[in-house]
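The values are calculated or read from the model by the stated rules, or taken from the named source; none is laboratory data. Quantities reported herein were computed from a predicted structural model and do not represent experimental measurements. Here the Cβ is made from the backbone with ideal geometry for all residues, glycine too, and neighbour counts use every protein chain on show. All accessible areas refer to the heavy atoms of the entire protein, side chains included, with ligands and DNA or RNA removed. Shrake-Rupley method; radii C 1.70, N 1.55, O 1.52, S 1.80 Å.
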Amino acid sequence: MILAGLTSVALASGASAAEEIQWWHAMGGVNGERVNKIANDFNASQSVYKVVPVYKGNYTETMTAAVAAFRARKHPHIVQVFEVGTATMMAAKGAIYPVEDLMKEAGEPFQSSDYLPAVISYYQTPEGKLLSMPFNSSTPVLWYNKDAFAKAGVAKPPETWPEVKEASEKLLAAGYKCGFSFGWQSWVMIENFNAWHNLAIGTKENGFAGLDTELTFNNAATKKHLANIAEWGKSKIFVYAGRRGDSLPKFTTGECGMWLNSSAYYGGIKKQAKFAFSQTMLPFYPDVVKAPQNSIIGGATLWVLRGHKKDEYKGVAKFLTYLASPKVQAWWHQETGYVPITNAAYELSKKQGFYEKNPGTDTAIKQLRLNKPTANSRGLRFGNFVQIRDIINEEMENIWKGSKSASDALDSAVARGNKLLRKFEAANK
């Protein structure tokens, strides 16, 4: 017994603890549980590294916490940052470890051609190097209540904005309280609206080609569109209910027959809605374009921060390889509504019959792959865009409450936003 005890102590003292990999993220609720599952499954697959996921609040809070922690040299290995923080992260010279460099230096397999072009192009340098690992990528779609459409006599989901108006009027006549609502309004009604219509959001390829960019979304088409929505708000064709996902209950309770927001609300809608629902592509104006271009992504990526041990980065690279594997990505996509980041995960989802069993769930992928992205529809890369989005939201709310015209509000948003772009340019020469 004594010998056995000494042997167990010797074995315990000789065993090395797994290297901890800190992963700060912004996924709360059910998606937070899914993040924990991914980390736990990776940890169970090997014993050298242990990924520790830590919820740090919403996107803005998580990015702010990581920046402060880096300055104090108490930062995580991986941090989840939403897409509008890309330019800010790129400007943090010496702080980030480009994912493509990490994977190659750690000897992990990596080919950019394995990933969906519309997803990774947002996070690549002009030379094509991937800076951060896509994780939860989504795009806005038009969600609709199939039962409400049947009751109101709407034969098919609308493809154009005039058809959205027509369908909304039928829904109101059938007793529904509103035609449509939307969330993340800058992303859906400004950024994606312009990309969908192949219109520039700003100069210099929407900021990809230089810091001396200027905002240009105060164009005639966007002004007309927001003026239309404001007018429709007077008769409840449109109802505004918040900047982010606050308006979701308007749809899931059956109050509004349509809702324009992220494809990633699939899990939430499936759980909450007591009616048959589906999703279709974003509407467009046929007098602006003959056919839509492509939508752009939202969501977030995983950035790797420098300042840790070399061996720990091998663990980070192994985890990212695991995260991007077809099995994990297909599961994440099917559970959440976020798009799979790789072609293999998309093909696996098809092979598993997911889209046949759940019609419409490939809408986001179809939108992103609709056409080869142009300089107008690749995405955007503006410094200080987190703050600029706040300005855009404020000015759009001025339109909805009638204190400003669409034209004046958009002109003001661009002028105010450009001042922040100049500050960012001056600070990052």
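Summary table
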read-out	value
Tally of residues being in contact with a strand residue (DSSP E or B) (Cβ under 9 Å, 6 or more places away or on another chain) and assigned to a loop (DSSP other than H, G, I, E, B) across region 363-380	1
Residues being under 22 Å from Ser121 (Cα atoms) and either part of a helix (DSSP H, G or I) or of a type in the set (Val, Ile, Thr) (or both) - total across region 349-362	0
Qualifying residue in region 75-83 (condition: open to solvent by less than 60 Å² (accessible area, probe 1.4 Å), part of a helix (DSSP H, G or I), in contact with a strand residue (DSSP E or B) (Cβ under 6 Å, 6 or more places away or on another chain) and modelled with pLDDT of 90 or more)	yes
Some residue of region 233-244 being aliphatic (A, V, I, L, M) and farther than 30 Å from Ser403 by Cα	no
Residue within region 329-336 that is buried (at least 16 other Cβ atoms within 10 Å of the Cβ), free of Cβ contacts under 8 Å to residues at least 12 places away in the same chain and under 20 Å from the mean Cα position of the chain (by Cα) present	yes
Filter result for Asn36 (touching a strand residue (DSSP E or B) at 6+ places or on another chain (Cβ under 8 Å), at pLDDT below 95, in a helix (DSSP H, G or I) and open to solvent by 20 Å² or more (accessible area, probe 1.4 Å))	no
Single match in Ser168, Ser137 (criterion: among the polar types (S, T, N, Q), open to solvent by less than 50 Å² (accessible area, probe 1.4 Å) and not in a helix (DSSP H, G or I))	Ser137
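One line per residue, one yes/no per condition, for (1) surrounded by fewer than 23 Cβ atoms within 10 Å (Cβ to Cβ); (2) free of Cβ contacts under 8 Å to residues at least 40 places away in the same chain; (3) of a type in the set (A, V, I, L, M, F, W, C); (4) assigned to a helix (DSSP H, G or I):
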| residue | (1), (2), (3), (4) |
| --- | --- |
| Ser278 | yes, no, no, no |
| Val288 | yes, no, yes, no |
| His308 | yes, no, no, no |
| Glu312 | yes, no, no, yes |
